[in-house]
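Before any comments, here is the structure.
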Amino acid sequence: MKLDEAKLVWMYRKMVEVRTFDEKVRDLYMRGLVPGTTHLYIGQEAVAVGVCANLRRDDYVFSTHRSHAHTIAKEVPLKEIAAEILGKATGCCKGKGGSMHLSRVDLGFVYSSAIVGGGVPLAVGAGLSIRLKKGDQVVASFFGDGASNTGGFHEGLNLASLWKLPVIFVCENNLYAISVSTKKSTSVENIADRAVAYGMPGLIVDGNDVLAVYEATRNAVDRARKGEGPTLLECKTYRWLGHFAGDPGDAYRTKEEVEAWKEKCPIKKLKTKLVEEGILSEEEISRIDEEVKREVEEAAEYAINSPYPSPEELVKDVF
Ligand SMILES: Cc1ncc(C[n+]2csc(CCOP(=O)(O)OP(=O)(O)O)c2C)c(N)n1
């Protein structure tokens with residue numbers, strides 16, 4: 001596959017943004033600055049970035065409780081995401097949503113929610129709205145392996161296939177739903193196998209290889225835009241940290257397992273390729289890393305220094 005260099009550099013930068021941002025969120029959480037809980041994406045960066053690299057601004061994304069990365073990859077400004085996570089009035093939902101309820105509809109980032117699997121039927125609804133309005137946008141619906149065992153997932157895939165809706169179902173299989181291994185919860189070896197039951201293509205993708213995710217998504221997006229219907233992509237990946245920011249994540253996984261996955265770091269993989277192919281030098285890589293660090297720091301400071309919403313805001317925008 002030949003990809004233009006600007007796209008490759010965009011993918012590298014976005015993956016670094018996702019990781020650096022979530023490292024900062026962890027720091028803010030540990031300092032008691034994040035109200036409620038928050039779920040980090042570290043280790044899974046290639047999925048959000050590889051999928052969203054194929055999307056236009058007017059395409060839709062539906063996310064989950066592990067949502068920061070999808071928002072970043074859909075180009076929502078870091079300052080607005082950070083402020084929302086801290087519950088501040090300058091956040092993308094005026095501080096009323098928090099980490100698990102991010103939204104910026106004008107950028108195509110529609111939904112994230114704590115309801116596991118809840119985004120799938122809504123993504124299908126968005127696909128239906130595109131069809132009824134005769135648009136050519138597509139919808140990316142992200143969810144975890146745990147979510148693929150909920151009823152809404154099965155109903156959603158069935159209808160999307162029946163009506164040939166432009167939805168790309170992206171299962172981020174990080175092997176656990178909180179502490180429950182897919183081996184103990186899931187009747188099939190591969191979640192992609194479930195696509196057969198709904199008459200759509202089901203692909204297993206190396207979720208730590210951003211180029212593999214990019215290519216698989218590109219084909220799914222092409223199909224969807226041409227009116228050929230949905231695709232199920234199962235991206236096999238791993239979250240390095242616990243289920244939520246304060247969870248050490250060591251009660252149900254071995255150190256060896258975590259270390260083995262860290263060896264497959266998606267950022268390192270792309271970095272090696274970019275340097276080997278002479279697309280970026282080590283110095284240019286370091287410059288990007290430093291710029292991102294600065295932007296993330298600025299976003300965090302902006303969020304910390306922003307005001308909380310006023311009490312009068314409490315019942316506005318509530319339906
Ligand atoms: C409908 C529903 N059931 C249960 C929960 C509790 N819960 C929160 S996260 C989670 C696990 C989700 O696992 P998965 O879908 O694999 O996503 P991951 O956390 O691995 O990204 C569960 C069961 C919930 N939030 N919503």
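The values are calculated or read from the model by the stated rules, or taken from the named source; none is laboratory data. The model shown is predicted, which means the values in this text are computed figures rather than measured ones. Cβ atoms come from the backbone with ideal geometry, glycine included; neighbour counts cover every protein chain shown. We work out accessible area using only protein heavy atoms, side chains counted, and drop any ligands, DNA or RNA first. Shrake-Rupley method; radii C 1.70, N 1.55, O 1.52, S 1.80 Å.
Looking at S179, S148 in this structure, which one is open to solvent by less than 10 Å² (accessible area, probe 1.4 Å), within 15 Å of the ligand (Cβ to nearest atom) and in contact (Cβ under 8 Å) with a residue 24 or more places away in the chain?
S148
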Only one of (1) polar (S, T, N, Q); (2) open to solvent by 20 Å² or more (accessible area, probe 1.4 Å); (3) within 30 Å of A260 (Cβ to Cβ) is not met by S63, so which one is it? (2)
Among the numbered criteria (1) open to solvent by less than 30 Å² (accessible area, probe 1.4 Å); (2) more than 16 Å from the ligand (Cβ to nearest atom); (3) closer than 22 Å to A69 by Cβ; (4) assigned to a loop (DSSP other than H, G, I, E, B), which one does I81 miss? (4)
Out of everything in segment 102-113 that is out of contact with any Ser or Thr (no Cβ under 6 Å at 6 or more places or on another chain), of a type in the set (G, A, S) and touching a residue at least 40 places away in the same chain (Cβ under 8 Å), what residue ends up being surrounded by the fewest Cβ atoms within 10 Å (Cβ to Cβ)? S113
Among (1) of a type in the set (G, A, S); (2) open to solvent by 20 Å² or more (accessible area, probe 1.4 Å); (3) touching a residue at least 12 places away in the same chain (Cβ under 8 Å), there is one condition A6 misses while meeting the rest; what is its number? (3)
Being outside any loop (DSSP other than H, G, I, E, B) and either in contact (Cβ under 8 Å) with a residue 40 or more places away in the chain or of a type in the set (A, V, I, L, M) (or both) is the requirement here; does V116 meet it? no
Pick from segment 26-75, criterion out of contact with any Phe, Trp or Tyr (no Cβ under 6 Å at 6 or more places or on another chain) and of a type in the set (F, W, Y), ranking: farthest from the ligand (Cβ to nearest atom): Y60
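Restricting to segment 228-251, what's the tally of residues that are open to solvent by 10 Å² or more (accessible area, probe 1.4 Å), within 22 Å of G32 (Cβ to Cβ) and in contact (Cβ under 8 Å) with a residue 40 or more places away in the chain?
Of the residues in segment 228-251, the ones open to solvent by 10 Å² or more (accessible area, probe 1.4 Å) are 228, 236, 240-241, 243-244, 246-248, 250-251.
Next cut, within 22 Å of G32 (Cβ to Cβ) only: 241, 243-244, 246-248.
With in contact (Cβ under 8 Å) with a residue 40 or more places away in the chain added as a condition, the list becomes 241, 243-244, 246.
Total satisfying the criteria: 4.
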Of (1) crowded, with 22+ Cβ neighbours inside 10 Å; (2) more than 13 Å from the ligand (Cβ to nearest atom); (3) of a type outside the set (D, E, K, R); (4) assigned to a helix (DSSP H, G or I), L122 satisfies every one except (1)
